[in-house]
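Computed from the coordinates by the stated procedures, all read-outs in this text should not be read as laboratory data. Given the structure is predicted, the values throughout are model-derived calculations rather than measurements. Counting neighbours? That spans all protein chains shown, and the Cβs are built from the backbone with ideal geometry, glycine included.
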Amino acid sequence: MSVTLRPVADTLRGSKTTNKNMLMEDIKRPLYIPYAGPVLLETSLLNKGSAFSEEERVAFNLAGLLPEAIETIEEQAERAYLQFQSFSNDMDKHIYLRNIQDTNETLFYRLVNNHITEMMPIIYTPTVGQACEQFSNIYRRARGLMVSYPNRHRIDDILNNATRHNVRVIVITDGERILGLGDQGIGGMGIPIGKLSLYTSCGGISPAYTLPIVLDVGTDNPQRLNDPMYMGWRNKRISGDEYNEFVDDVLSAVQRRWPNALVQFEDFAQKNAMPLLERYKDRLCCFNDDIQGTAAVTVGSLLAACKAAGTQLKEQTIAFLGAGSAGCGIAEAIIAQMVSEGLEDHQAREKVHMVDRWGLLQDGMQNLLPFQQKLTQCLEKTQSWCGDNGAVSLLEVMEHAKPTVLIGVSGAPGLFTEEVIKTMHKHYPRPIVFPLSNPTSRVEAIPEDILRWTRGQALVATGSPFNPVELEGEVFPIAQCNNSYIFPGIGLGVLACNADRVTDGMLMASSRALAECSPLAIDGEGALLPPLEQIQEVSKQIAFAVARAAMTDGVAKMIKNVDLKDAIERQFWQPEYRDYKRTSF
Ligand SMILES: NC(=O)c1ccc[n+]([C@@H]2O[C@H](COP(=O)([O-])OP(=O)(O)OC[C@H]3O[C@@H](n4cnc5c(N)ncnc54)[C@H](O)[C@@H]3O)[C@@H](O)[C@H]2O)c1
Ligand SMILES: O=C(O)C[C@H](O)C(=O)O
Ligand SMILES: [Mg+2]
């Protein structure tokens, strides 16, 4: 396999030049702002630091508050990059970048965009996991909204206190299932912040439109409760009606305050993730990233792999380790794709094997959640697979079902053992193995091992980033099959066409658009997913497909005759400083 990558086919090319010009004109138009002096320097969305011009320094009472030199954003980014490189560990780099984000957002995004491959793992997975665990210890400044249960009587006031008024994208968590790291209480706030940073840097959503929210409903993590530094509500988690009523109150208030905002549910625990999605998907413009975003990126990656191999998804046999929110979400999307390729629903379900803590999900199993009950195998097929304890293990699934695709979303590290992978490989020469659990410490197997055990024959993609693997003189790129390839494009598409719902059709469209960007699918070689340097173009293509699907599904409020590509280009925010003019203070 070669590592040569080819630029993403630019389906937006037709209108690109004109739109670039229009955007440049927008950027050149001065912005009238009502702040001056230290307040302006403290306003992260407007601060330009040493890039304030001489005229601006006079007009905005900044004389003497800044060094003499007037710099461009590129010069500032160069200095910031040198400083970034001087830190020896990822947490310090994370803290450093977050500080720039909190003081000068334009510079933050210029810096991140200039070094996206190097910096995405620092502001997002995997380092963000550590930042959530240490949230209270590394806390510097306020960002986003913390809506706590003790403050439940003033939710509208809290939303009115948000520093952003025209909010278009919200990422909300209650911090209970942070990556594979469990309950982090308000530390979970790191995740909405990281996700929204990607909405901007990968999906071109202006940072002024984004709002991270954490619901502080307590924590059941004894480490957090006993940590004197913990900054959240020091209480056990509320649950049941109390929890549901609180979430309802917050989301109703959000809808009153920002009726057009897209709401992304993130890292809710299994018991709440699907019920919340079911409750709100027809009431709000919302989606659950762990269920639906993950499903979209995984199906997109599988479609690309199938295309490269000249097969279809319906010809594959699938096994999952982890039948939770992500696993069952992906499974249903795979089934929907197989049905669209011509299988009957029951035929598609027979091809999908879900293994959880108690083994393969089978008919009649006790304590399965409703979304798991739809994904059981029938006992007639599986009774001869059982081990001594009556359960069917992952290894037994490998032996009997002979899957061609293995997906790990268990959050439990190391469970794709040598025996499991070699058994899979014994039955199928080119296995597709996706250990998707995050962060890196939770991966089901590291790519190097999987490739070694399969003598370089497996196609591997992971949830967290991994370096390419060198094996016997060959280099294998490891795609990062993470919902970060999908949600920025969904957000951009929703905003471009003013969609008021996120439909299954829009999600399926995002998968197919991603598959079309795959270097492996396009060229028959190279990486399964495009490199991060192309993520903005990929997001635009996904946005285009998503918005078109929204129009087909009748949920787009775009005024007729608006050119969609044009709308996407115009929506796409770039980190450039604008000239400021003074309004009356
Ligand atoms: N790559 C991505 O984009 C992506 C997206 C979403 C989730 N994830 C990762 O997937 C993991 C799971 O997320 P989720 O939202 O589905 O969580 P979840 O809690 O809903 O599901 C995890 C499931 O794994 C099962 N499990 C745990 N240990 C197991 C074991 N030893 N054997 C078999 N099953 C076991 C649990 O019982 C549970 O049903 C997390 O690590 C998360 O970071 C990755
Ligand atoms: O946050 C990520 O990196 C992906 C996913 O949403 C997860 O929960 O693991
Ligand atoms: Mg998540």
Per the helix-only model, the chain has a calculated mean residue ellipticity at 222 nm (DSSP H runs of ≥4, -39500 (n - 2.57) each, divided over all residues, rounded to the nearest 500) of -12500 deg cm²/dmol
Of 152-164, 280-292, ordering from highest average Cβ density within 10 Å down gives 280-292, 152-164
Could you tell me which of rounded, prolate or oblate describes segment 485-585, using a ≥ b ≥ c as the square roots of the eigenvalues of the alpha-carbon gyration tensor, with rounded for a/c under 1.5 and, failing that, prolate when a/b is larger than b/c and oblate otherwise? oblate
Projected label distance in nm at S239 and N226, using a 7 Å step from Cα toward the beta-carbon: 2.1
Can you give the FRET efficiency for N114 and F87, using 1/(1 + (r/R0)^6), R0 = 22 Å, r = Cβ-Cβ distance, to the nearest 0.05? 0.80
Classify segment 275-380 from the C-alpha gyration tensor, please: rounded if a/c falls under 1.5, else prolate or oblate depending on whether a/b exceeds b/c. oblate
If you split all Cα-Cα distances of segment 292-484 into 10 Å bins from zero, what percentages do you get per bin, shortest first? 10, 39, 39, 12, 1
Show the residues, 5+ positions off or on another chain, whose built amide H is closer than 5 Å to the amide H of A458. none
Over 24 Å [Cα-Cα, segment 72-284], rounded percent: 41
Segments 297-306, 466-475 sorted - mean Cβ within 10 Å per residue, highest first: 297-306, 466-475
Lysines within cross-link reach of K560: Cα-Cα under 24 Å, excluding same-chain residues under 8 positions apart? K16, K20, K540
Measure of size requested: the Rg and Dmax of the chain, with Cα atoms as the atom set and Å as the unit; please supply both. 24.1, 82
Across the alpha-carbon set of segment 122-212, Rg over Rh with Rh taken as the Kirkwood radius works out to 0.96
Determine the alpha carbon to alpha carbon distance for each of K195/K557; K374/K426; K195/K307; K93/K195; K351/K374 and list only those over 22 Å. K195/K557; K374/K426; K195/K307
Residues L507, L262, sorted so that the one with the fewest Cβ neighbours within 10 Å comes first: L507, L262
Pull up the DSSP beta bridges for segment 394-532 and report the antiparallel fraction as a percent, rounded to 5. 25
Measuring from label point to label point, each 7 Å out along Cα→Cβ, what is the E533 to R570 span in nm? 3.2
How many nm is it between the label spots at N367 and E399, if each spot is 7 Å from the Cα in line with the beta carbon? 2.6
